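Written below as structure tokens is the structure these notes are about.
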Amino acid sequence: RLSPLFMGRAAINRAATKGKTDAKKAKVNALYGKKIIMAVKQGGSMDPVANRQLAELIKAAKQNNVPVDNINRAIKRANEKDTGDFSESIFEAYGFGGASLIINVLSDNPNRSTADIRNAVSKSGGKIAESGSVLFMYDLKGKIEIPSEADEEELLMAAIDNDVDDMELVEGDEDGTSIVYTDPKETAAMFEAVKSIGLEEGTKMSLTHVSKAPMECSEEDFENNMVIIDALEALDDVDSVEHNMSN
């Protein structure tokens, strides 16, 4: 199932500088570091052979270009006495002009992260929403980010060969890149399909929330919403912020 999507102002602005690209990479590295620590603590073993969850995370981290040194440091940190227990949570918020936000958090101090997120949203003019009041307007999707343009027909055939039934190819956040959305359960299979046509280098996979009804904000509302998003993404406990803006 294919549908076109054109890059808007949000994508252009978010990818405009190298600094933001570097910050995004740092976020990804930190996210997998925290998830690996969680896996070691929950699985009770630093050995990926004995800890399947850890093995899967190491594989995913490598696919997302997380340096091996970072992975090894996270595994080692998990057994240090002063390393806290991380837990995942989702916050929901409203921005300007009807925009909604999903804030994905992985923190070893829920009280701190809650206070920081509430403060960042309110100071930027947004409003924290009741649990579930925003999330129902989004679908959870598998996301494959490809650092090059993908041929639709070739990718579709590869998807079929890998038993992928749900596939949507769109333009990526930067010129000359692509994003594939799929059913969450088919994410790994879709990644294999991408690999099979020679697009593995630099390709990343993850799960993401996609708005069921994207909306276009006014220029002023868009800029104000980006202030909220930037404030949230500056927080160490925030791993990503998703929104329903189409522009």
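Where a number appears in this text, it was derived from the coordinates with a stated rule and is not lab data. Treat the numbers as computed from the prediction; the structure is a model and nothing was measured. When we count neighbours, we look across all protein chains shown, and the Cβ atoms used for this are built from the backbone with ideal geometry, even at glycine.
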**Request:** Consider just the alpha-carbon atoms of the chain and return their Rg together with their Dmax, both in angstrom.
**Result:** 18.4, 53
**Request:** Give, rounded to the nearest 20 debye, the magnitude of the charge dipole that the chain has about its Cα centre when Lys and Arg contribute +1 at Cβ and Asp and Glu contribute -1 at Cβ.
**Result:** 1220
**Asked** Which is the longest part of the chain that has none of the trypsin sites (Lys or Arg not before Pro) sitting in a DSSP loop with at most 15 other Cβ atoms within 10 Å?
**Response** 82-211
**Prompt:** Using a ≥ b ≥ c from the Cα gyration tensor of the stretch 180-247 (square roots of the eigenvalues), is it rounded, prolate or oblate, where a/c under 1.5 gives rounded and otherwise the larger of a/b and b/c decides, a/b for prolate?
**Reply:** prolate
**Prompt:** Most mobile of P147, P214, P67 per a Gaussian network model of the chain (Cα springs, under 10 Å)?
**Reply:** P67
**Fill in**
Here the Kirkwood hydrodynamic radius of the stretch 80-213, Cα-based and in Å, equals 17.0
**Item:** Kirkwood Rh in Å, taken over the stretch 25-86 so that all alpha-carbon pairs contribute
**Value:** 11.2
**Message:** If I stretch the segment between S45 and K59 completely, what's the gain in nm (0.36 nm per residue apart, minus their alpha carbon distance), one decimal?
**Reply:** 3.4 nm
**Item:** In sequence order, calculated HN-Hα J values of the stretch 149-158 (Karplus, 6.51, -1.76, 1.60; Hz; x Gly/Pro)
**Value:** 7, 9, 7, 4, 5, 5, 5, 4, 5, 5
**Complete:** Cα pairs beyond 20 Å in the stretch 98-159, in percent, come to 52
**Request:** Of the options G84, Q53, Q63, report the single residue whose Cα projects farthest towards the positive end of the charge dipole of the stretch 38-134 (beta-carbon charges: Lys, Arg +1; Asp, Glu -1).
**Result:** Q63
**Prompt:** For D173 and D139, FRET efficiency with R0 = 25 Å and r from the beta-carbon atoms, rounded to 0.05?
**Reply:** 0.85
**Message:** Could you work out [θ]222 nm for the chain from helices alone, using -39500 (n - 2.57) per DSSP H run of at least four and dividing by all its residues? Round to the nearest 500 deg cm²/dmol.
**Reply:** -13000 deg cm²/dmol
**Asked** Given the C-alpha centroids of the stretch 151-177 and the stretch 180-234, what is the distance between them in whole angstrom?
**Response** 14
**Asked** Once the other residues with Cβ under 9 Å from the Cβ of S178 are scored (Lys, Arg +1; Asp, Glu -1), what is the net sum?
**Response** -3
